1. Name the residue, out of 64, 75, that is within 17 Å of the chain's Cα centre (by Cα), surrounded by 15 or more Cβ atoms within 10 Å (Cβ to Cβ) and more than 20 Å from residue 125 (Cα to Cα).
2. Among what's in the stretch 102-149 and is within 19 Å of residue 87 (Cβ to Cβ) and aromatic (Phe, Trp, Tyr), pick the residue that is most open to solvent (accessible area, probe 1.4 Å).
3. Can you tell me which of (1) surrounded by 17 or more Cβ atoms within 10 Å (Cβ to Cβ); (2) assigned to a strand (DSSP E or B) is the one residue 70 doesn't meet?
Amino acid sequence: MKNHILYIAFTFGLVTVNAQDFQETKKYIAKSELAIMQEASGKTKVPILVAEDVSQKVATIETSNLEVYQEVRISILEKPQLNQIEEVIKVEFEYSGYSLVTDTYYFLVTEKEDYIALPKITKIYDDITEPIVDYVFATQKHGQEETIIKAIFHYTDNYTKEEIEVLQKFVWNDDDFGSEDALAGIEN
């Protein structure tokens, strides 16, 4: 019961925090029925596709923990005010076991319809007041022009007051972020 109460509180809190910028979309889909189970590793590959043209793949994300998998959510941030970036796709895989865990993947969509992956962020929710790591884009609260910020968000018990601690800033210059994680989810 405690997990269900925490789940409801976190979901409401995350929707409140994120709804101001990222909006649910049907423009992209996770094609879970096409997912290929890799029996030896217990992992599943889930393609993220453009809904109007399923031959156009954004990425293939490898997931695990299928026994506690709950849902996938896809949302977009339009016009993030990053040079030559049309939108940001956010893909969240949610798992509910002892704790609520969300693996969040972000993909920048260029004007040429290429996709650039940011390193994955894993959020573990054991307590409402625990800090949350996430990205902040230029058009969001705490955002900075032509910059992607990776920050820790600190919340109070009532989940209203927030303080942020900046971990990294990426001044956007069409970078690949030099990270293995940034490309790990993409298959051509």
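The values are calculated or read from the model by the stated rules, or taken from the named source; none is laboratory data. Bear in mind that the values here come from a model prediction, so they are computed numbers and not experimental data. Note that we place each Cβ from the backbone using ideal geometry, even for glycine, and neighbour counts take in every protein chain shown. Accessible surface areas use protein heavy atoms only, side chains included; no ligands, DNA or RNA. Shrake-Rupley method; radii C 1.70, N 1.55, O 1.52, S 1.80 Å.
1. Only one candidate qualifies: 75.
2. Among those residues, the one meeting the criterion is 115.
3. (1)
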